[in-house]
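Below you'll find the structure I mean.
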Amino acid sequence: DFENGLAGWTSESLAGETSWELGAPNIPALSAASSGDHAWGTNLDGDYSSDAVASLRSPLVDLSKVSYATTLSFQYFIDSTEDVEGGQLRILSEAGEELYTHETLFTGTRETWTTFKLPLPISLQDQKIIVEFLFLSNSDANVSAGWYLDDVIIR
């Protein structure tokens, strides 16, 4: 739930001026985290920038140390241009190689926090993985609040 700070999460701006920030959201459409006080957002108190590529990565998750992890879930809020800007969910290997990419972008506008659940592919069992949230925007000057995440859980 991100109440204990970064806890191994890393963010990187790969293009543009948008980067992930950890803290309390303070935008007109969203004034609180899903739970607690903190969430990750592409700009906690404003809009994302054009031509952005911003990566947020989890700490390494060792699935070989659990009997069976079946689901990745999280809360999200999105405010982006429908179908052309938004978030992509990827699961990477320990070395950063892509193991899985969720086919559908998180895009458009949600009115409130929304629950997302992904059944983890069997191929990820017994692996060490990194969950990556990648936010992408185009060159259009029409920007919005962006993508916000909270309560990331693997069960």
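Give a quick list of chymotrypsin sites (Phe, Trp or Tyr not before Pro) in the range 62-142 that DSSP marks as loop, anything other than H, G, I, E or B, with at most 15 other Cβ atoms within 10 Å.
Answer in residue order: TYR68.
With charges only on Cβ, +1 for K and R and -1 for D and E, what is the dipole size of the chain about its Cα centre, in debye, rounded to 20?
In total the dipole reaches around 580 debye.
Between ILE91, ILE78, ILE122, where does the largest GNM mean-square fluctuation fall for the chain, given springs only between Cα atoms within less than 10 Å?
ILE122
Short version: ³J(HN,Hα) in whole Hz for each residue of the range 21-32, in order, from phi by Karplus 6.51 cos²θ - 1.76 cosθ + 1.60 (θ = phi - 60°), x for Gly and Pro, what are they?
Result, ordered by residue: 10, 10, x, 8, x, 8, 10, x, 7, 8, 10, 7 Hz.
Normalised by the number of residues in the chain, what is the relative contact order in percent for Cα pairs under 8 Å and 6+ residues apart?
This gives 33 percent for the chain.
Mind listing the phi-derived Karplus ³J(HN,Hα) values for the range 55-63, rounded to whole Hz, using 6.51, -1.76 and 1.60 with θ = phi - 60°, and x for any glycine or proline?
Per residue, the Karplus-derived 3J(HN,Hα) values read 10, 10, 10, 6, x, 4, 10, 8, 6 Hz.
Per the Kirkwood formula on distinct C-alpha pairs, the Rh of the range 1-145 is how many angstrom?
Computed over Cα pairs of the range 1-145, the Kirkwood hydrodynamic radius comes out at 15.8 Å.
Kindly write out, for the range 78-84 in residue order, the coupling ³J(HN,Hα) from the Karplus curve 6.51 cos²θ - 1.76 cosθ + 1.60 (θ = phi - 60°), rounded to whole Hz, with x marking Gly and Pro.
Along the range 78-84, the couplings run 9, 9, 8, 5, 3, 6, 10 Hz.
Any read-out appearing in this document is the output of simple, stated calculations on the displayed coordinates, not a laboratory observation. The structure presented is a predicted model; accordingly, all values stated were derived computationally and were not measured. With ideal geometry, Cβ positions are generated from the backbone for all residues, glycine too; neighbour counts draw on all protein chains shown.
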